[in-house]
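The values are calculated or read from the model by the stated rules, or taken from the named source; none is laboratory data. Computed from a prediction, not measured in an experiment: that's the story for all the values here. Positions of Cβ are generated from backbone atoms using ideal geometry, with glycine treated the same way; all protein chains shown enter the neighbour counts. Note: areas computed on protein heavy atoms with side chains; ligands, DNA, RNA excluded. Shrake-Rupley method; radii C 1.70, N 1.55, O 1.52, S 1.80 Å.
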Amino acid sequence: MAAILQSVGVTSASFQLPDHSNKSPAFPVCSLPVIRSEKSSSFDPIRGIGKARKAVTKAVTAQAENSASAASKPGHELLLFEALREGLEEEMDRDVRVCVMGEDVGHYGGSYKVTKGLAEKYGDLRVLDTPIAENSFTGMAIGAAMTGLRPIVEGMNMGFLLLAFNQISDNCGMLHYTSGGQFTIPTVIRGPGGVGRQLGAEHSQRLESYFQSIPGIQMVACSTPYNAKGLMKAAIRSENPVVLFEHVLLYNLKERIPDEEYVLSLEEAEMVRPGEHVTILTYSRMRYHVMQAAKTLVNKGYDPEVIDIRSLKPFDLYTIGNSVKKTHKVLIVEECMRTGGIGASLTAAINENFNDYLDAPIVCLSSQDVPTPYAGTLEEWTVVQPAQIVAAVEQLCG
Amino acid sequence: MAAALLRRSRAITNLVRTTATVSLSDQFTALQFHRYRRYRRSPAATGDFAGKPYGLCNEPPFASRRFESAAAGQPIVAETDEDDDGSDRQGVEFPGGRVPFTPQMRFIPESSNDRVPCYRVLDDDGYPIEGGLYEEVDKEIAVRMYRSMVTLQTMDTILYEAQRQGRISFYMTAGGEEAVNIGTAAALSSDDIVLPQYREAGILLWRGYTLQEFANQCFGTKNDPGKGRQMPIHYGSKDHNYITVSSPLTTQLPQAVGVAYSLKMDGKNACAVAFVGDGATSEGDFHAALNFAAVMDAPVLFVCRNNGWAISTPLSEQFRSDGVVVKGQAYGIPSIRVDGNDALAVHATVHAAREMVVREQKPILIEAMTYRVGHHSTSDDSTKYRSPDEIEQWRTSRSPVTRFRKFVERNGWWSHDEETELRASTRKQVLKAIQTADKMEKPSLEDLFTDVYDQVPENLQEQEKAVRDAVRRHPQEFPTDVPL
């Protein structure tokens, strides 16, 4: 419906606008190893990867270097926030219905510069600066989505999106269902969250734990420039509302990503480091703490398998299950709080589905149930540190 | 230097004379004379609105006034404003524009002395008021409006009774607000996207939603377009450009701004029309949405049905302002108060407002004054908090349906026989629709799990399987009118 734009500076789409009932992402790139599962016509979003999964052969260090991309073409290097912007820009070029709204996203370029330069390129209407009312601009995005646009809502900080909870849960998640399928809401809600460097309690929220029960939404968390761009593109192309969790401290990660276009799957986990002794499940910033602990563990003779679950709702139980069946021990490392976090749900899901394969109870390392303090030393100890991960693995593996 | 600048300015000299006790340097820092621009009327506002008379004077009722800031960094030029009547006014530059200043400390009172008048064209007996200006409706539209009002009233009465009999779980009537419903519906185009609160079923009725479809939704049958997922009266129909009702109040208002934004991007000759009750204007989203709409020049028509009661909360306990109409100006939105029980006035106002919204691409707020004759819903007994006499008076002598009937009858467009026939046949049709819906199958079990996402994900497939297993094992516990 929103096919004609009146604002200035719209570049013509370089690809044909696909029929958006076609679910499979349109660009399998042959030189790139298959990162997503082959999608059959009967789309099964949780089955996960059936075949052709490239194994990552070397341990990934804190600087996430994607060996797959290094193996094929040089690609180009960029920071995570630039990767997000690149994904966003490619989607805005591809589909004129994609638009961005949020506070200071326009000429200011966004508080983390994810939308920098987009307002100049696409105009004020497509990259819309809104007044300060999160519930309102999220509601506005929902209304626009119901009438044919594909909006992306940027929360300046994920914590502020708590003010938009009503619109996200009651409307974003529910209107497709309660309208009997008449109205779809293909929105993306994204923003930085997680514990930063001394930002105080209200700027250090982990909203994935609050949103996880909302029926009708999908949640993904990016952790590297590669998956940030891929997940951003997948989220925009999805017909469902997707919440994309970014982390404040990861925006300046640098990585070499492919030049070719790629889209990742929203429901798949990422195998970061295959191993034999223990399955470590993590996501977002904790991935880096885990990989740091992994270095120490390898030196001590352990062989941890590290999986970045990426998809927080729904969980990729296929990948996780295969790992559990191999190692029989699970350690979950998350930044959420102990009570009611993603780790708590994941523990329940694994126990329910793979109880027979477990040799030991699942260990879940999470933040304490406290508001994040401002003092740097205190803040450091609210999140899980590599030393704790090493100790937990040692205890788990004996 | 200060003295030289001061000499050039008559204004400052005047000021210095009148406030001699304040030092010159204080004066100078207080007054920053930059180049200024006046507030001006938008050129579009002075045009002709298709030759139709609006309001009580020939001046266009809508003038866009935006206070413009002067550019910062301009050389200090001591100037004074000349007001329209030629007197001098002095102003101060602040972010947001030039503000005239005054040495008199004066608080703006919480309300003006007189309340904002409401626009009406028919008196209580349905006679056109002398000197009133309104867009005339022809016989066809007027009769159709009247028939719809009667149909709405009949449907409400019978479905309310159906709830009382236990046949549906819940119902809300639009009793007393038929004129707001139908008057608005008749004035909009079918392309205008409606975001209802919950008492606007008349608009769906006008747009062609059948009595059977209403009954299907209330009974939650398999033919309900909403697939039995929402509670009664939470209608929604994409074909009729009527967004599904969502229970929490005012969630539809920011969404209306989004819908308008989408229409604006498309350049469509259509607007978003969002409804809100008097009570709901206390919600934060109402204020945020009005502000958004104004800032973004979104083509939204906000219609507030001020029916006096928010369940048991009367207006005096809801807000302290003069109703809702005065809030428009606070957000920079033109607004009007209309007699919501005067179908012609509502029709004329909404039609004019809609044209302005689409042409100017700016929001407008309409406050329709009316009365909620029925209870808030079937879960309410309003005699607990208001007198039955008050209700009776509004139901009979101040009924909008009766008032409009007198008007159409006097014009020779309607007769007593047609009245009897309409009421009887509508009643029969509604009863038939109810009976059909009552006997109809419910949506199938698989519809419990579809549309949560675009495709049914694996976890929900598992959950469906678990339910089916349970049904297979205990078929007698499972209702018989739900197909598997």
Checklist outcome for this item: Residues of the stretch B:235-249 being more than 7 Å from every other protein chain (Cβ to nearest Cβ), open to solvent by less than 10 Å² (accessible area, probe 1.4 Å) and not in a strand (DSSP E or B), in sequence order, are B:TYR235, B:VAL245
Next on the checklist: With the structure loaded, tell me whether B:GLY166 is in contact with a helix residue (DSSP H, G or I) (Cβ under 9 Å, 6 or more places away or on another chain) and more than 16 Å from B:ARG427 (Cβ to Cβ) or whether it fails that test.
Outcome noted: no
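Do we have A:MET146 as open to solvent by less than 20 Å² (accessible area, probe 1.4 Å), touching a Gly at 6+ places or on another chain (Cβ under 6 Å) and at the interface with chain B (Cβ under 7 Å from one of its Cβ atoms) here? Even if it seems obvious, please write down each step before you answer.
Details: open to solvent by less than 20 Å² (accessible area, probe 1.4 Å): yes; touching a Gly at 6+ places or on another chain (Cβ under 6 Å): no; at the interface with chain B (Cβ under 7 Å from one of its Cβ atoms): yes.
So A:MET146 does not fit the description; no.
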Checklist entry - Taking the condition farther than 20 Å from B:GLY228 by Cα, open to solvent by 90 Å² or more (accessible area, probe 1.4 Å), within 37 Å of the chain's Cα centre (by Cα) and of a type in the set (S, T, N, Q), does B:GLN429 pass? => result yes
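Using the structure shown, decide if A:ASP356 is open to solvent by 30 Å² or more (accessible area, probe 1.4 Å) and part of a helix (DSSP H, G or I).
On the way: open to solvent by 30 Å² or more (accessible area, probe 1.4 Å): yes; part of a helix (DSSP H, G or I): yes.
So A:ASP356 fits the description; yes.
Quick check on B:TYR160: is it part of a loop (DSSP other than H, G, I, E, B) and either polar (S, T, N, Q) or over 30 Å from B:VAL357 (Cα atoms) (or both)?
On the way: part of a loop (DSSP other than H, G, I, E, B): no; either polar (S, T, N, Q) or over 30 Å from B:VAL357 (Cα atoms) (or both): yes.
So B:TYR160 fails the test.
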Checklist entry - For the stretch B:262-281, what are the residues that are free of Cβ contacts under 8 Å to residues at least 60 places away in the same chain, more than 8 Å from chain A (Cβ to nearest Cβ) and buried (at least 24 other Cβ atoms within 10 Å of the Cβ)? => result B:ASP278, B:THR281
Checklist entry - Can you tell me how many residues in the stretch A:147-168 are over 16 Å from B:ALA256 (Cα atoms) and in a loop (DSSP other than H, G, I, E, B)? => result 3
Next on the checklist: Anything in the stretch A:149-184 that is more than 7 Å from chain B (Cβ to nearest Cβ), more than 24 Å from B:GLN217 (Cβ to Cβ), open to solvent by less than 20 Å² (accessible area, probe 1.4 Å) and in contact (Cβ under 8 Å) with a residue 40 or more places away in the chain? List them, or say none.
Outcome noted: A:ARG150, A:PRO151, A:ILE152, A:VAL153, A:GLU154, A:GLY155, A:ASN157, A:MET158, A:GLY159, A:LEU161, A:ILE168
Checklist outcome for this item: Quick count over the stretch B:326-337, residues being in contact (Cβ under 8 Å) with a residue 40 or more places away in the chain and open to solvent by less than 20 Å² (accessible area, probe 1.4 Å), is 2
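Is the stretch B:176-185 home to any residue that is within 14 Å of another protein chain (Cβ to nearest Cβ) and touching a residue at least 24 places away in the same chain (Cβ under 8 Å)?
no
Is it the case that some residue within the stretch A:171-184 is in a loop (DSSP other than H, G, I, E, B), touching a Ser or Thr at 6+ places or on another chain (Cβ under 6 Å) and within 16 Å of A:LEU84 (Cβ to Cβ)?
Just the residues of the stretch A:171-184 that are in a loop (DSSP other than H, G, I, E, B), to begin with: A:173-174, A:179-184.
Among the residues that remain, those that are also touching a Ser or Thr at 6+ places or on another chain (Cβ under 6 Å) are: A:179.
Retained after the next criterion (residues that are within 16 Å of A:LEU84 (Cβ to Cβ)): none.
No: zero hits.
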Next on the checklist: I'd like the full set of residues that are away from every other protein chain (no Cβ under 14 Å) and hydrophobic (A, V, I, L, M, F, W, C), limited to the stretch A:192-219.
Outcome noted: A:VAL195, A:LEU199, A:ALA201, A:LEU207, A:PHE211
Checklist entry - Among B:VAL300, B:VAL259, which is over 30 Å from B:GLU446 (Cβ atoms), of a type in the set (A, V, I, L, M, F, W, C) and within 8 Å of chain A (Cβ to nearest Cβ)? => result B:VAL259
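Determine whether the stretch B:302-310 contains at least one residue that is surrounded by fewer than 22 Cβ atoms within 10 Å (Cβ to Cβ), outside any strand (DSSP E or B) and not polar (S, T, N, Q). Spell out the reasoning first.
Narrowing the stretch B:302-310 to residues surrounded by fewer than 22 Cβ atoms within 10 Å (Cβ to Cβ): B:308-310.
Narrowing the set further to residues that are outside any strand (DSSP E or B) leaves B:308.
Now narrow it down to the ones that are not polar (S, T, N, Q): B:308.
So far as the stretch B:302-310 goes, yes, one or more of its residues are surrounded by fewer than 22 Cβ atoms within 10 Å (Cβ to Cβ), outside any strand (DSSP E or B) and not polar (S, T, N, Q).
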Next on the checklist: Can you pull out every residue in the stretch B:285-297 that is within 7 Å of chain A (Cβ to nearest Cβ) and either surrounded by fewer than 24 Cβ atoms within 10 Å (Cβ to Cβ) or under 11 Å from the mean Cα position of the chain (by Cα) (or both)?
Outcome noted: B:ASN291, B:VAL295
Checklist entry - Any residue in the stretch A:125-139 that is buried (at least 18 other Cβ atoms within 10 Å of the Cβ), more than 9 Å from chain B (Cβ to nearest Cβ), of a type in the set (A, V, I, L, M) and farther than 25 Å from A:GLY173 by Cα? => result no
Next on the checklist: Which numbered condition in (1) farther than 25 Å from A:ALA228 by Cβ; (2) touching a Pro at 6+ places or on another chain (Cβ under 7 Å) is the only one that A:PRO314 fails?
Outcome noted: (1)
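Considering only residues of the stretch B:338-385 that are of a type in the set (Lys, Arg) and either open to solvent by 10 Å² or more (accessible area, probe 1.4 Å) or in contact with a Leu (Cβ under 7 Å, 6 or more places away or on another chain) (or both), which is farthest from B:THR173 (Cα to Cα)?
The initial filter retains those residues of the stretch B:338-385 that are of a type in the set (Lys, Arg), namely B:354, B:359, B:362, B:372, B:384.
Of the ones still in play, those that are also either open to solvent by 10 Å² or more (accessible area, probe 1.4 Å) or in contact with a Leu (Cβ under 7 Å, 6 or more places away or on another chain) (or both) are B:354, B:359, B:362, B:384.
Working: B:ARG354: 26, B:ARG359: 34, B:LYS362: 32, B:LYS384: 18 Å.
Among them, the one singled out is B:ARG359.
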Checklist entry - Does any residue of the stretch B:256-266 turn out to be among the aliphatic types (A, V, I, L, M), assigned to a helix (DSSP H, G or I) and out of contact with any strand residue (DSSP E or B) (no Cβ under 7 Å at 6 or more places or on another chain)? => result yes
Checklist outcome for this item: Of the conditions (1) open to solvent by less than 20 Å² (accessible area, probe 1.4 Å); (2) over 24 Å from B:VAL273 (Cβ atoms), the single one that B:ARG398 does not satisfy is (1)
Checklist entry - Within the stretch A:135-146, is there a residue that is in a helix (DSSP H, G or I) and over 19 Å from B:VAL259 (Cβ atoms)? => result no
Item to check | Residue that is least open to solvent (accessible area, probe 1.4 Å) [pool: residues in the stretch A:337-353 that are farther than 19 Å from A:SER223 by Cα, part of a helix (DSSP H, G or I) and touching a helix residue (DSSP H, G or I) at 6+ places or on another chain (Cβ under 9 Å)] | outcome: A:ILE350
Checklist outcome for this item: The residue that is farthest from the other protein chains (Cβ to nearest Cβ), considering only those in the stretch B:219-229 that are of a type outside the set (Ser, Thr, Tyr) and open to solvent by less than 40 Å² (accessible area, probe 1.4 Å), is B:PHE219
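Take residues that are within 27 Å of B:ASP451 (Cβ to Cβ) and either open to solvent by less than 10 Å² (accessible area, probe 1.4 Å) or of a type in the set (D, E, K, R) (or both) and tell me which of the strands (runs of 3 or more DSSP E) falling wholly in the stretch A:229-336 contain 3 or more. Spell out the reasoning first.
Details: elements: A:242-247, A:254-257, A:270-273, A:278-282, A:304-308, A:311-313.
By residue number, A:242-247, A:311-313.
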Checklist entry - List the pairs whose first member sits in the stretch A:252-264 and is modelled with pLDDT of 95 or more and among the aromatic types (Phe, Trp, Tyr), whose second member is part of a loop (DSSP other than H, G, I, E, B) and surrounded by fewer than 18 Cβ atoms within 10 Å (Cβ to Cβ), and whose Cβ atoms are under 8 Å apart, counting only residues at least 6 apart or on separate chains? => result A:TYR262/A:PHE27; A:TYR262/A:VAL29
